[in-house]
Amino acid sequence: MKLQVAMDVLTVEAALELAGKVAEYVDIIELGTPLVKNAGLSAVTAVKTAHPDKIVFADMKTMDAGELEAEIAFAAGADLVSVLGSADDSTIAGAVKAAKAHNKGIVVDLIGVADKVTRAKEARALGAKFIEFHAGLDEQAKPGYNLNVLLSAGEEARVPFSVAGGVNLSTIEAVQRAGADVAVVGGSIYSADDPAVAAKELKAAII
């Protein structure tokens, strides 16, 4: 299982600083949607230039103009780009077309999708590299939120998948047990007193 750090910082400088601390311990460096919106795709270029050996993920959460948005992200240096699972099939297919042209990948993010299992299978059939079973920060903050709902859906879908939504040192074992290909960790790394130590511990917890 790969470890992905979700960098929900807001500036290129902060992204480079955080990536520099944790790159040794992670496989995928994700530039979170707020970072992409605030700093632009120059942030993707900067991180890929600094860490050319890492998979760089532009979390675009594309909802329309799939081929165009994926194309500009790949041109900026992204290896993976996200498209929302709630987007039209044609949007996902367009993004996949751009990915194939660059020999890169599309991740379909199921945030906000009610029937995650069905949509995961559909998105995989459209050419997604893997599917992200994702509960956003707002959803995680609601009473009764449980990561196990995502893990169960991921297991049931039987597609290559990642999990994002409160993954930390106490839950990463369960994420791996569910068969996830990628564990996505945000706050547990970037909000830690020492992000490098946090990332190292998470990496060590992956068998």
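The values are calculated or read from the model by the stated rules, or taken from the named source; none is laboratory data. These figures come from a predicted structure and were not determined experimentally. For neighbour counting, all protein chains shown are included, and Cβ atoms are generated from backbone atoms with ideal geometry for every residue, glycine included. The accessibility values were calculated without ligands, DNA or RNA, using every heavy atom of the protein model including side chains. Shrake-Rupley method; radii C 1.70, N 1.55, O 1.52, S 1.80 Å.
Points to keep in mind about this one:
- One residue alone among Ala192, Ala174, Ala199, Ala141 is farther than 30 Å from Gly94 by Cβ, in contact (Cβ under 8 Å) with a residue 12 or more places away in the chain and open to solvent by 10 Å² or more (accessible area, probe 1.4 Å), and that residue is Ala174.
- Of all the numbered requirements in (1) on the phi > 0 side of the Ramachandran plot; (2) under 16 Å from the mean Cα position of the chain (by Cα), Val81 misses one, and that requirement is (1).
- The listed residues are Val159, Val184, Val167, and the only one of them that is among the hydrophobic types (A, V, I, L, M, F, W, C), open to solvent by less than 70 Å² (accessible area, probe 1.4 Å) and in contact (Cβ under 8 Å) with a residue 40 or more places away in the chain turns out to be Val184.
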